[in-house]
Structures are given as structure tokens and as C-alpha cells.
1. Which Cα, out of L68, Y149, T183, lies furthest along the positive dipole direction of region 2-188 (beta carbon charges, K/R +1, D/E -1)?
2. For region 29-49 and region 69-115, write down the distance between their C-alpha centroids in whole Å.
3. Nearest 20 debye, what's the magnitude of the dipole of the chain about its Cα centre given +1 on Lys and Arg Cβ and -1 on Asp and Glu Cβ?
4. Which one, M122, S93, Y25, projects farthest toward the positive side of the charge dipole computed for region 2-188 from Cβ point charges (K/R +1, D/E -1)?
5. Order of V143, V180, V127 from fewest to most other C-beta atoms within 10 Å?
6. What order do you get for Y101, Y35 when you list them from fewest to most C-beta neighbours inside 10 Å?
7. I want to check the label-to-label distance for R172 and T141. Put each point 7 Å from Cα in the C-beta direction and report it in nm to one decimal.
8. Report, in deg cm²/dmol and to the nearest 500, the calculated mean residue ellipticity at 222 nm for the chain, where each DSSP H run with n ≥ 4 adds -39500 (n - 2.57) and the sum is divided by the residue count.
Amino acid sequence: MKNFLLIAIAVLGTIVASAQKDSTYTFDGTFGGGYVYNITSFPYGVDGLSRNGFNGFARILWNPETILSVGLEIGYTNLYSVDPPEDRAIEHSALVAYPFYLVLSMEPVDRFSIAIGYGMAMLSSVVDDGTSQTGVTSASTSVYGALQYLAPIDDRLKIGGEARFTSIDRYRDMNLSFNVLITYSLIRY
């Protein structure tokens, strides 16, 4: 499914690449962050499970005069945490991800864009039993799809929002996030 999404967006971008924008080439930097919710179904009940969290990211996109933009993104996202009742051996456990994506983005309608990212996520799991902490790090492939709205504030600055679906394969985690975005045109030529 992930490969199909990548191929579909690339084909669609190629088809409409001849549609020119009235702008110059730019490198845009974006900072974003917001609320994330893990929509994965857990096969068993977990006392003290919290699916809520925070995610944040930084992205740089090259925007040529075609509709398709390409860039890189790094980020941080909570997947879940567990704070069980006091009578358990574990006091706290959490899983977070540090993803790194290749991003393809297109703006088919003014101010609205669609983005997909494909890459790796470093997963960090921490378990605290009250006397010591144990951490495990692993890697996973990850993909996301997002719908974004950006409103111009001035010639270089835009703010807006994003709804994003992220899938991280290793533990089959799926997240929905709602982010605030700030974009600035770093380089124009």
C-alpha cells in the first residue's frame, strides 16, 4: 500500500508537472508540531495506557516552478506510554519515534497541499521499574500522508495546519496527528 501511494503521487506529479506556477525556485523551511493520537488496536487491555502525545518536525522543501516539490524531514513523535497502577512492577514505559523522511509534496489547489513521506524511524523504548531504567532502540520503515493548508502572512512567511496519518511498520503503529505549521522561504532564485 505504501509503495502504491508513492507511485501514485509521483505519477500524478509527473502528469501535472507541466502546470506552471507564477513563482521562483525556493527552498522553504517548515517547523510543525501538535497533538498525536495512536489509533492502533491493541490485542489486549493495558492498564494505564495513554495513546495521546506530541509530535514535532522540521522540513526543508525545494519548490521548483512545477507543482511537485521534494525535500527532507526529521521529527519526533510519541507512540504511546503506559503508567500502570501502583501495585505493578513497572512504574512507567514509553515508546517514541524519531523519523527521517524523503518528502514529496504538491499543491493542486492554491494554499492546499498534499504531502507524502517515506523513510526510516528510530524507535526508542524505555521501561522504568522505579530503581532502574532500561532502554531499547530499533529501526523501522515509516510512511505518512498529509493534507496541509498554508495561508501567506507576507511574501516569505506562511502559517497553517496539517492533518497527518503515519504508519510505523515495526510494531504496526498508526498515528493521527493535527499540527500547526510555520513555513518560511529560506532561499529564492
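1. Going by the charge dipole, the pick is L68.
2. Cα centroid to Cα centroid, the span is 8 Å.
3. Numbers: 12 positive and 18 negative charges, 118 e Å.
Approximately 560 debye in magnitude.
4. Towards the positive end, the residue furthest out is Y25.
5. Working: V143 21, V180 13, V127 17.
Ascending Cβ contact count within 10 Å gives the list V180, V127, V143.
6. Working: Y101 23, Y35 14.
Arranged by neighbour count, lowest to highest, Y101, Y35 become Y35, Y101.
7. Calculated label separation equals 1.7 nm.
8. On the way: 1 runs with 14 residues, N = 189.
The helix contribution divided over the chain gives -2500 deg cm²/dmol.
Read the figures in this text as sums done on the coordinates, not as results from a lab. Worth saying up front: this structure is predicted, and the values here are computed from it rather than measured. Please note: Cβ atoms are built from the backbone with ideal geometry, for glycine as well, and neighbour counts cover all protein chains shown.
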